[in-house]
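Engineer: Got a structure for you, questions after.
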Amino acid sequence: MTKRHIITLLVENHPGVLARVVGLISGRGYNIETLNVGPTHHPERSRMTMTVPGDDHVLEQVIKQLYKLVDVIEVSDLTDERHLNRELVLVEVAATEEKRAELVQLAGMCDAVVISVQDESLTMELADTRNRVADFIDLLKPYTILDLSRSGVIAVSRPE
Amino acid sequence: MTTETRTGADCVIEGLREAGADIVFGLPGGAVLDIFSKLYHADDMKLVLVRHEQGATHMADGYARATGKVGVCLVTSGPGATNAVTGLATAYMDGIPMVCISGQVPSHMIGNDAFQEADTTGITRAVTKHNYLVHNADDLPRIFAEAFHIASTGKPGPVLIDIPKDVQRAATTAAATPAVNLAGYRPQSGYNPEQVKQLADAINTAKRPLLYTGGGVIAGNASAELTALAHKANIPVTTTLMGLGGFPETDPLALRMLGMHGSMTANLAVGECDLLISVGARFDDRVTGRIAEFAPTAKKAHIDIDPSSINKSVAVDIPVVGHAKDVLAALTDLVDTRERGEWVEHLSEQKARFPLAYDEKTEELLPQYVIDMVYKVSNGEALIVTDVGQHQMWAAHFFKYTAPRTFLSSGGLGTMGYGLPAGIGAQAAFPDKNVVVLSGDGSIQMCFQELVVAVEHGWNVNTVILNNGHLGMVRQWQEMFYGKEYAGSVLKQEDRPANEKMPPQANDEFLPDFVKLAEAYGAIGVRVTCKEDVVPALEKAFSTKAPVVIECIVKEEENVYPMVPPGASLDETILSMV
């Protein structure tokens, strides 16, 4: 069954590691939907989180192939494990003065925050689960979205 | 612990020495001269000057396959490195241990499109097990230790070290023998005894077990263990092209090669067995044919050092991750001694019914005959190295391999041009062995320039060119599957398609003239055009202390059979066109 898998990698903080990971996945014909890279509390390690669509067979191969990379220390598929995930979205919506109150109210209902107000638009941020971010964007569709940037999912496993 | 001051280039020689490397196949250029200068003074190391960097990689590869040691090559930046790519990919696909050192433009010029600059680590990322761009000379001792460790452990493979010129020249006091500590590289050690027990139980209850063994048996030095298991439990053995020599083909349990050009017996056995035990083989498409119908009724077990190989193409019932040598030894202890008379006898009958055969009676000079004679004249003791194409398959059919590391061939990548330089690398390792390169008139021209290297070093590598005037395997596919549209596959001057016609040449009977070419490089050239001359030519070559090139003008239309048409299943193996 094809579903979206959340994979996290702990990798050596070496130049070229991102290219290795991305090259391996695209070179073997798999697809990366989102990808996020950042430092960890350990100066020599980075954390990557990616979402990869595929069935269990595809994911088994992706994980085994990733393990073959010398710079990859740990790979986990968090999809079916207890985990916490968040995605950040920044979205600018057209908002004339009369629409502002309505949008601010909508943002409040979704736990989004208005971070910038312009003459003709509002910029909001929301950090939430992937689905709630998607729902929020859906709610904004009746308005005019002028710009949008999503971070992709980041995730950590949740201790028992 | 050495802490004296030395340069990065000194560390390169030191790293090679630490790893036990004593022969380097290379070609210099501006970005790698500092290392060559150090080699100039390294009396304990042999430098073999090649004529094209692809030759260097294949020589290092042939050396590695023949010895089991890590092959080393040294090339310059830019074109030197890009020329090495094919050889790296060849070694990567077949899991051959190699370290390739490349020069790089000085650090401050990287990314500026400098003269002879290429993004070598970027280009080679997909064809190496790992690669390094060295930023600091202090890292060189550690990187060399890691590179040899990575190349030679787990599933072996090539590792590239790209060293900018300024790093080669920089001073360092780094310790000479650093500990290797790679958090992300943990090659398999040991195995799961539960899985081995499960497989042993499956073997003990199987009526028709079959061992399907590959290059992992060779790489893992597991031939003796494989033979012991097969004999104790009476399990017939079929090998892949990469596995040839892993089990003696003269053994009554040997079914010879399986797959697209496998023996009928082996291919039918795959369909009939009730337990298929893969050892160090990876269910390659040239082996399995249509994957859904590969061993459809058999329980499948897979022993492999590489976890990613398991369940990649075929879902297996009993996976065992581990060294072939250890796992096979453990299995041999656990399996019962069995006769399996009915199964073994059935396969013997099949072998008698469907032998790998050719027309031995004909007056014509058949390519298969030449290889059969190489087998007989050498008493089956030659170290065979092949190129890629029809001759490669005939080399698998008509020479019986009885020991590991006696058949060297580019299996995964299928690299034409591999044979001669790989044969030279093998001969460099074993100057006294009878190394015979089997090639075709297509393949040999891809790296023929390396012949001069054999001449220079007095390495008596013998080359047999089966000249059928065509890219024979291409011609065979065009004949069978492309309506005889022989585009681009006719090498000789006559019978070319209209838009490939040549004006008549002064001497177009033998173009190029391989005998003259051999002589031009200082080797001995011999042309054989009839059957009677084959044995005398081989006898003379095998007793001559010089590289000999024997060109055999063979029948053009011979096809390789048996054949499983592309996309068909193994039980659709055909024995001939008619």
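Engineer: Using a Förster distance of 41 angstrom, determine the FRET efficiency expected from the C-beta separation of A:V113 and A:E44, and round it to 0.05.
Structural biologist: Details: r = 34 Å, r/R0 = 0.84.
With a Förster radius of 41 Å, E is 0.75.
Engineer: Specify whether the C-alpha gyration tensor of region B:1-154 places it in the rounded, prolate or oblate class, a ≥ b ≥ c being the square roots of the eigenvalues: rounded for a/c under 1.5, otherwise prolate if a/b is larger than b/c and oblate if not. Can you show the working numbers first?
Structural biologist: Values: a/c = 1.32, a/b = 1.04, b/c = 1.27.
Verdict is rounded for region B:1-154.
Engineer: For chain B, what is the convex hull (Cα atoms) projected area averaged across all directions, in square nanometres?
Structural biologist: Values: hull surface 110.2 nm².
Its average projected convex-hull area is 27.6 nm².
Engineer: Principal axes first, then extents: for the Cα atoms of the protein assembly as shown, list largest minus smallest coordinate on each axis, whole Å, largest first.
Structural biologist: Result for the protein assembly as shown: principal-axis Cα extents of 100, 64, 63 Å.
Engineer: Between B:A357 and B:A292, what FRET efficiency comes out of the Förster formula 1/(1 + (r/R0)^6) with R0 = 35 Å and r the beta carbon distance, rounded to 0.05?
Structural biologist: Values: r = 31 Å, r/R0 = 0.88.
The computed FRET efficiency comes out at 0.70.
Engineer: Then there is this: Quick one: of the DSSP bridges fully inside the protein assembly as shown, what percent are antiparallel, nearest 5? It would help to have the intermediate numbers written out before the result.
Structural biologist: On the way: 47 of 110 bridges.
If we restrict to bridges inside the protein assembly as shown, about 45 percent are antiparallel.
Engineer: Shifting gears a bit: Need one number: the % of Cα-Cα pairs in region A:84-157 sitting beyond the 21 Å mark. It would help to have the intermediate numbers written out before the result.
Structural biologist: On the way: 563 of 2701 pairs.
Roughly 21 percent, once rounded to a whole number.
Engineer: Also, quick follow-up: Ratio of Rg to Rh for region B:50-116, alpha carbon only, Kirkwood? Working shown, then result.
Structural biologist: Working: Rg = 13.0 Å, Rh = 12.3 Å.
Result: Rg/Rh = 1.05.
Engineer: Relative contact order of chain B: what whole-number percent is it, with Cα pairs under 8 angstrom and at least 6 residues apart? Walk me through the intermediate numbers first.
Structural biologist: Details: 1336 pairs, mean separation 79.4, N = 578.
This gives 14 percent for chain B.
Engineer: Under 14 Å from a label point 7 Å along Cα→Cβ of A:L148: give me every residue in region A:74-105 with its amide N that close.
Structural biologist: A:88-94
Engineer: Using the Cα gyration tensor of chain A, with a ≥ b ≥ c the square roots of its eigenvalues, what is the shape: rounded (a/c below 1.5), prolate (a/b larger than b/c) or oblate (neither)? Present the calculation step by step, with values, prior to reporting the outcome.
Structural biologist: Numbers: a/c = 2.41, a/b = 2.16, b/c = 1.11.
Prolate.
Engineer: Now a separate question. Grab the DSSP H runs of the protein assembly as shown that are 4 residues or longer, score each as -39,500 (n - 2.57), total them, divide by all residues and round the 222 nm result to the nearest 500 deg cm²/dmol. Don't skip to the end; give the middle numbers.
Structural biologist: Details: 25 runs with 251 residues, N = 738.
Value at 222 nm, helices only: -10000 deg cm²/dmol.
Engineer: Related question: Would you mind checking which residues have amide H under 5 Å from A:T79's amide H? H placed 1.01 Å from N; only 5 or more apart, or other chain.
Structural biologist: A:I6
Engineer: How large is ³J(HN,Hα), in whole Hz, for each residue of region B:29-40 in order, when computed from phi with the Karplus curve 6.51 cos²θ - 1.76 cosθ + 1.60 and θ = phi - 60°, using x for Gly and Pro?
Structural biologist: x, x, 7, 10, 5, 4, 6, 4, 4, 6, 5, 4
Engineer: Report the Cα-based extents of region B:429-549 along its three principal axes, largest first, to the nearest Å.
Structural biologist: 47, 32, 29
Engineer: If you don't mind, another one. So, in nm, how far is label B:E532 from label B:S189 when the simple model puts each one 7 Å beyond its Cα toward the Cβ?
Structural biologist: About 6.5 nm, to one decimal.
Engineer: Where in region B:462-477 is the amide nitrogen less than 17 Å from a point lying 7 Å along the Cα-to-Cβ axis of B:S576?
Structural biologist: none
Engineer: Let me ask you something else. Averaging over all projection directions, find the projected area of the Cα convex hull of region B:150-239 and quote it in nm² with one decimal place. Provide the component values of the computation, followed by the final result.
Structural biologist: Details: hull surface 37.5 nm².
Approximately 9.4 nm², given one-decimal rounding.
Engineer: If amide hydrogens are placed 1.01 Å from N in the peptide plane, which non-local residues have theirs closer than 5 Å to the one on B:L74?
Structural biologist: HN-HN under 5 Å from B:L74: B:F25, B:G26, B:L27, B:I101.
Engineer: Between B:R169 and B:E349, with labels modelled 7 Å along Cα→Cβ, what's the label distance in nm to one decimal, could you check?
Structural biologist: The modelled label-to-label distance comes out at 7.7 nm.
Engineer: Within region B:268-375, report the trypsin sites (Lys or Arg not before Pro) that DSSP leaves as loop and that have at most 16 other Cβ atoms within 10 Å. Each step should come with its number before you reach the end.
Structural biologist: Numbers: sites: B:R282, B:R286, B:R290, B:K299, B:K300, B:K312, B:K325, B:R338, B:R340, B:K351, B:R353, B:K361; in loops: B:R282, B:R290, B:K312, B:R338, B:R340, B:K361.
Filter output for region B:268-375: B:R290, B:K361.
Engineer: Normalised by the number of residues in region A:92-160, what is the relative contact order in percent for Cα pairs under 8 Å and 6+ residues apart?
Structural biologist: That works out to 36 percent.
Engineer: Moving on. If r is the Cβ-Cβ distance from B:E519 to A:H83 and R0 is 51 Å, what FRET efficiency results, to the nearest 0.05?
Structural biologist: My answer for the efficiency is 0.10.
Engineer: Report the Cα centroid-to-centroid distance between region B:17-67 and region A:117-160 in angstrom, as an integer.
Structural biologist: Result: 57 Å between the Cα centres.
Engineer: Once phi is turned into θ = phi - 60°, what whole-Hz ³J(HN,Hα) does the Karplus curve with 6.51, -1.76 and 1.60 give for every residue of region A:145-154, x standing for Gly and Pro?
Structural biologist: In residue order, the calculated couplings are 7, 8, 7, 7, 9, 10, 7, x, 6, 10 Hz.
Engineer: Further question: With θ set to phi - 60° and the Karplus curve 6.51 cos²θ - 1.76 cosθ + 1.60, what are the ³J(HN,Hα) couplings of region A:73-80 in order, to the nearest whole Hz, using x for Gly and Pro?
Structural biologist: Running phi through 6.51 cos²θ - 1.76 cosθ + 1.60 with θ = phi - 60° gives 8, 8, 10, 9, 9, 8, 3, 9 Hz.
Engineer: Next question, about the same structure. To the nearest 20 debye, what is the magnitude of the charge dipole of chain B about its Cα centre, counting +1 on the Cβ of each Lys and Arg and -1 on the Cβ of each Asp and Glu? Provide the component values of the computation, followed by the final result.
Structural biologist: Working: 46 positive and 68 negative charges, 151 e Å.
Using only the charged Cβ atoms, the result is roughly 720 debye.
Engineer: Oh, and also: For region B:254-282, list residues with backbone N below 14 Å from a point placed 7 Å from the Cα of B:K207 toward its Cβ?
Structural biologist: Only B:272-275 fall inside the zone, counting backbone N under 14 Å.
Engineer: First check a/c for region B:193-353, with a ≥ b ≥ c the square roots of the eigenvalues of its C-alpha gyration tensor; if it is under 1.5, answer rounded, and if not, answer prolate when a/b is larger than b/c or oblate otherwise.
Structural biologist: Numbers: a/c = 1.29, a/b = 1.09, b/c = 1.19.
Note, shape of region B:193-353 comes out rounded.
Since every read-out is calculated from the coordinates, none of them should be taken as a lab result. These figures come from a predicted structure and were not determined experimentally. Here Cβ is always computed from backbone atoms with ideal geometry, including for glycine, and neighbour counts include all displayed protein chains.
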